[in-house]
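Student: One structure is given below, represented as structure tokens, and several questions about it will come after.
No value in this document is a laboratory result; all are computed from the given coordinates. None of these values were measured; they are calculated from a predicted model. Because the Cβ atoms are built from the backbone with ideal geometry, glycine has one as well, and the counts that use them run over all protein chains shown.
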Amino acid sequence: MDTQSRIPGLRARENRVGMRDETRWERLDEQSLVTRMRSGDEEAYEVFSQHYIPAVYRFAIARLDGDAQLANDIVQSTLCKVVTKLGTYRGDGPLLGWLCACCRNEIAMHFRGIPREVGFEGDGVDSSALPAPQSGQPDALLLSAETSELVHLVLDILPERQAQVLGWKYVDGVSVREISLRCGLSEKATESLLTRARVAFREVWASLGGGAVPARARSEAR
Amino acid sequence: MNDERYEAAGNVLSDDQIGELLRASGPRADLPSLELAAIRAKTCAAWQNESRHSRSAAKRTWITRIAIAAAVGGALLLVWMLRGRVAAPAPVEIATVEFVSGHVTATRDGARTDLVSRGDRIVEGSTITTEGHAARAALRIASGVELRLDEATKATIVSASEFELTGGVVYFDTGVSAGPGKSNGIVVRTESGIARDIGTRFEVRVPDGARAMVVRVRDGRVSVENNGGRHEVAAEKELVVASNGQVTTREIRGWGAGWEWILATSPRYEIEGRTLSEFLAWVARETGWTVRFSDPAIESRARVIVLHGTIEGTRPDEAPFAVLAGSGLEGKLADGVLEVREAN
């Protein structure tokens, strides 16, 4: 939906289902994304900014009892250091895992009050910083805050359009027909979008260490 | 894409499992768009600064390799040519002009350069002087810090973190915060004392002809040292070191007429491709206003409205009204609070 501005030379466009562009979705090659950022590629930075910064913020605020001001300071401080240390990311683990490890260190430094640099060196990747899904404990599945958090982090990383249609379909229970109306797409195109969204969710989930959900959990979830 | 292969794989999520996970996890909490926009802006500034630095370093490395190769063939000749001469180290570029109006000069080692346009570069150790009516400048220091100079100001950029203010007014927006409770390392020396930042935005003024110093803090905190004493100035406070050394503080507002000259030196802001949220975060930073939304739904919309065009020629306190109108919204300003609401 395009809304023309009421002043010359200015127009605003409202994207119905989100601003993150599917065409710039490059999570699958995070090493390449980081390399391009290091070379000053603005498009790569934009992908990083749109897909990873919200996830890091969500990760931080969940560990700071919802203290938004502190989360702002810590995420800002983490990311400003991260962008100067991109060379230490080796690409042998998820970028979000590395970012969350850096953020976790920054939080720890804040509470310890130790005025020194966080450890961006080392092996560069620490997936253990990410919340661990409790796939082996079906009883805990519905209650696991960590599983929910990981699901939400995955949605943060997905293109907003895909994350939103997944939310409509599975969280809100909206029909494909209704989603197609909201998106301004045909039902066939909406089905295709949902398929792409599930594929992307599955890949990101797996890359962040999520596993399959046991059958018992599935039946309990129903 | 065919989902069947994933279901057959056994150790990956099926479509049903994805649905179950999403249902069990419930809706995502909305993240605060203005804060995220501010974080994005600061991270972007840090990234751009790092990229510039990396490119310069890479270039220097390449040039060094060529120089070494050349030296292998002509070392003796070079030594002979340079004997008795010691080349002075090349001056280091320390800042870039982001905004300039009126007559502004940079002087170093007696050589004076007029700063005339955005992108002009300034070397370390330069003294910047704004001369005459409406002469003002905004500079981006290599560290990412933004320095603004009001009319009739003379300040020396000793290094990326150290500045000497001889007269006039300077304003710092460190942009990249060092984190909670930590200093960004900015030091401003005046005849009357030293101001050190413990925050992000502040102004230091040396009144004309007076051996005095005024520090106003818009955001964060600043530490001021004079005569062996140390005083902390919090946000929306002003500290005055009088000519006789007496120190007084008072409350001020972070917005309004007292910061008028900051608006007049605001570097060009490109709205093309930015979201309305990002734009409003910039407006809040420049004006000191608090931005509020009349309705959470409008805040959500602001996150997905992508702006196009330009606001060149409009000040940060004028631009939001035009931009909001172009987005089907309107802004109402009262007591430093800009309320964004549906247009009537």
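Student: Efficiency by 1/(1 + (r/R0)^6): what FRET value for residue A:146 and residue A:32, r their Cβ-Cβ distance, R0 = 25 Å, to the nearest 0.05?
Tutor: Computed FRET efficiency for residue A:146 and residue A:32 comes out at 0.25.
Student: Per-residue Cβ counts within 10 Å, from other chains only, averaged over A:78-89: what number is that?
Tutor: The per-residue average across the peptide is 5.
Student: Counting only other chains, what is the mean number of Cβ atoms within 10 angstrom of the Cβ of each residue in peptide B:32-45?
Tutor: Partner Cβ neighbours, averaged per residue: 6.
Student: For segment A:190-196, in order, what is each residue's ³J(HN,Hα) by Karplus, 6.51 cos²θ - 1.76 cosθ + 1.60 with θ = phi - 60°, in whole Hz (x at glycine and Pro)?
Tutor: So the Karplus estimates, Gly and Pro as x, are 5, 4, 5, 5, 5, 4, 4 Hz.
Student: Oh, and also: For segment B:302-344, just say rounded, prolate or oblate: build the C-alpha gyration tensor, square-root its eigenvalues into a ≥ b ≥ c, call rounded for a/c under 1.5, and beyond that prolate if a/b exceeds b/c, oblate if not.
Tutor: oblate
Student: Just add up the charged neighbours of residue B:122: K/R +1, D/E -1, any other residue whose Cβ is under 9 Å from the Cβ of residue B:122.
Tutor: Computed value for this residue: -1.
Student: Apply the Karplus parameterisation 6.51 cos²θ - 1.76 cosθ + 1.60, with θ equal to phi minus 60°, to every residue of segment B:104-114 and state each ³J(HN,Hα) to the nearest whole Hz, in sequence, with x for glycine and proline.
Tutor: Listing the rounded values in order: 10, 10, 10, 10, 8, 6, x, 8, 10, 10, 7 Hz.
Student: Also, I was wondering about something else. Quick one: if the Förster radius is 56 Å, what FRET efficiency do residue B:121 and residue A:65 give, using the C-beta to C-beta distance and rounding to 0.05?
Tutor: FRET efficiency, residue B:121 to residue A:65: 0.75.
Student: Same structure again: Could you go through segment B:91-96 in sequence order and give the Karplus-derived ³J(HN,Hα) for each residue, using 6.51 cos²θ - 1.76 cosθ + 1.60 with θ = phi - 60°, rounded to whole Hz, and x for Gly and Pro?
Tutor: Here the 3J(HN,Hα) series is x, 8, 5, 10, 8, 10 Hz.
Student: Once you place label points 7 Å from the Cα toward the Cβ at residue B:191 and residue B:297, how far apart are they in nm?
Tutor: Rounded to a tenth, the inter-label distance reads 6.2 nm.
Student: Still on this structure: Roughly speaking, what is the centre-to-centre gap between segment B:93-131 and segment B:227-242 when only Cα atoms are used, to the nearest Å?
Tutor: 30 Å
Student: Counting only other chains, what is the mean number of Cβ atoms within 10 angstrom of the Cβ of each residue in peptide A:164-173?
Tutor: Mean number of neighbouring Cβ atoms from other chains: 4.
Student: Taking 7 Å along the Cα-to-C-beta vector as the label spot, tell me the residue B:342-residue B:131 distance in nanometres, rounded to one decimal.
Tutor: 5.8 nm
Student: Pulled fully out, how much extra length does the chain show between residue B:318 and residue B:257, if you take 0.36 nm times their separation in residues and subtract their Cα-Cα distance?
Tutor: Length difference between fully extended and current span is 20.6 nm.
Student: At a Förster distance of 30 Å, what's the computed FRET efficiency of residue B:210 paired with residue B:112, Cβ-Cβ distance as r, to 0.05?
Tutor: 0.70
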